[in-house]
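Each reported figure results from applying straightforward, stated rules to the coordinates on display, with no laboratory input. Keep in mind that what you see is a predicted model, and the values were worked out from it rather than measured. Please note: Cβ atoms are built from the backbone with ideal geometry, for glycine as well, and neighbour counts cover all protein chains shown.
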Amino acid sequence: MPSLAAPPPGPTLAAPRRDAFASTLGAFAATVGSAVGLGNIWKFPYLTGSNGGAAFVLAYLLAVALVALPVMVVEHAIGRRMRLDAVQAYGRVVPRQPAWAAIGWAGLLSAVLIMAFYTDVAGWVFAYVWKSGVAAAGGAPLTPETFGRLAGGTWEPLAWQAGVLALTAGIIAGGVSAGIERVTKALMPALFVLLLVCDLRALTLPGAGAGVAYLFTPDLAKLTGPVLLSALGLAFFKLSLGMGTMTTYGSYLPAEVRLVPNAARVALADTAVSLLAGLAIFPAVFAFGGTPAGGPGLLFNTIPLVFAQMPGGAIFTTVFFVLAAIATIGAMVSLIEVPVAWLVERGGLRRPVAASVTAAAMFALGALATLSQSPLLSGVTVFGKGFFDLFDFVSSNVLLPVGGLAIAVVGGWLVSRADFAAELDRGYATPAWHGRAVMLLVRFVAPVLILLILLNSLGVIRVA
Ligand code: TRP
């Protein structure tokens, strides 16, 4: 086996210098920092609960391995080769076919739509930092009514959302400062450990076994079209795929990162966090006689209950939400960075201006999402969905899978196979089967699965 010392060949030596992550570990950490967020601790458990449990988990794991993982490799490969923002990268990656820039344009739209509901939920997390802190200091304890009043309110959730957006815009306006990156990196392991504490407590509650069975004993009859589509959409959402975030991050990857093992490690770490969150929440839901289909409030109603069963529980609850808030910031920064990078690189705006404009657009749509749960707009639906659900559905279940399909087609069929294979390891020896396996997944498995699931959910074909 040749060693790692082979020099990195490739066109980037001649390309203009761009920012890059400093090391293989730094690149891994930053990528995990974008992936891990509300998707793990809020969305994964809530979708699992609303879609029937283990069958959804199984579909999700398959979607990660067979579809999301290869798409991540393509995004990183295209990003690292092109070293441009997403719109320009896809506009130039296939010779004489600039229309693929549409992937980047759709990505800008996805970023705004995702942030519209993401910042609503992030606002709840920040509100819970405050409320659980007050409870720990002897104030009013957290109850399910606490969440109902917060999410169903008008000014309170709006104020938290505006605060979260201002914070994110402020961070990104100054560039992703080394400080934030270092803090996020240090606190990720802390989130992991605290999740383990939650798991220990939840798994030793009387009746916890039902929750574990709910997560891991699939009833295949539950794999309907909408369930499959949600699992696929979550796989893209979870790993920040299908809209240019991972392409942009790919452009910061140093030459010595071997793309296949790196992507596999990111997917594994991210999935581990989701499963740990599920193992904290479902045993507790069953032990306390709650309902798994608790919807978006599941996290907020369950975690305080779990910790309430422990000495010092109120303090643990506060620590949990602080860590969740920090994980959320990392993900939001990677979302807002896509339009901001484009406004700066193409539009010539100064970073603070670009950040403010983007945040304002996100707040305009975000207020619609937030108010769709208050009496003010709760009656308003579009295609039968309130704005919160509509933005979530259109981004996760339509734009991201369609973007992922286009990315797989570009990477698998339209760029030179030799270039693509060379980009995977830049000459740092990796086993040849990495390239072959990824090619098989990118060319055939991923596009066919995405297409089948999309057509199935449109009712064009009936698989499930
Ligand atoms: N992956 C993040 C989460 O699970 C959310 C996120 C960050 C995202 N950047 C993204 C989702 C880009 C889709 C696209 O919380």
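See the values below:
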quantity: Per-residue [θ]222 nm for the chain (sum of -39500 (n - 2.57) over DSSP H runs n ≥ 4, rounded to 500); calculated: -21500 deg cm²/dmol
quantity: Sites matching trypsin sites (Lys or Arg not before Pro) across the range 420-464 that sit in DSSP coil, with at most 16 neighbouring C-beta atoms within 10 Å; calculated: Arg462
quantity: Summed side-chain charge close to Val382 - residues other than Val382 whose Cβ falls under 13 Å, Lys, Arg +1, Asp, Glu -1; calculated: -1
quantity: The chain: relative contact order in percent, alpha carbon pairs under 8 Å with at least 6 residues between; calculated: 35
quantity: Three-way shape label, the range 11-164, alpha-carbon gyration tensor, a/c 1.5; calculated: prolate
quantity: Formal net charge of residues neighbouring Ala140 (Cβ-Cβ distance under 12 Å; K, R +1; D, E -1); calculated: +1
quantity: Test item: Cα-centred dipole of the chain, Lys/Arg +1 and Asp/Glu -1 on Cβ, debye; calculated: 780
quantity: Cβ-based exposure ranking for Met188, Met115, Met332, in which fewest neighbours within 10 Å come first; calculated: Met188, Met332, Met115
quantity: Cross-link table Lys131/Lys238; Lys185/Lys222; Lys131/Lys185, entries beyond 30 Å C-alpha to C-alpha; calculated: Lys185/Lys222
quantity: Cα-only Debye scattering, the range 177-289: base-10 log of I(q)/I(0) at q = 0.20 Å⁻¹; calculated: -1.21
quantity: Exposure proxy order (Cβ contacts within 10 Å, fewest to most) of Leu377, Leu335; calculated: Leu377, Leu335
quantity: At most 13 other Cβ within 10 Å, DSSP loop - chymotrypsin sites (Phe, Trp or Tyr not before Pro), the range 361-464; calculated: Phe383
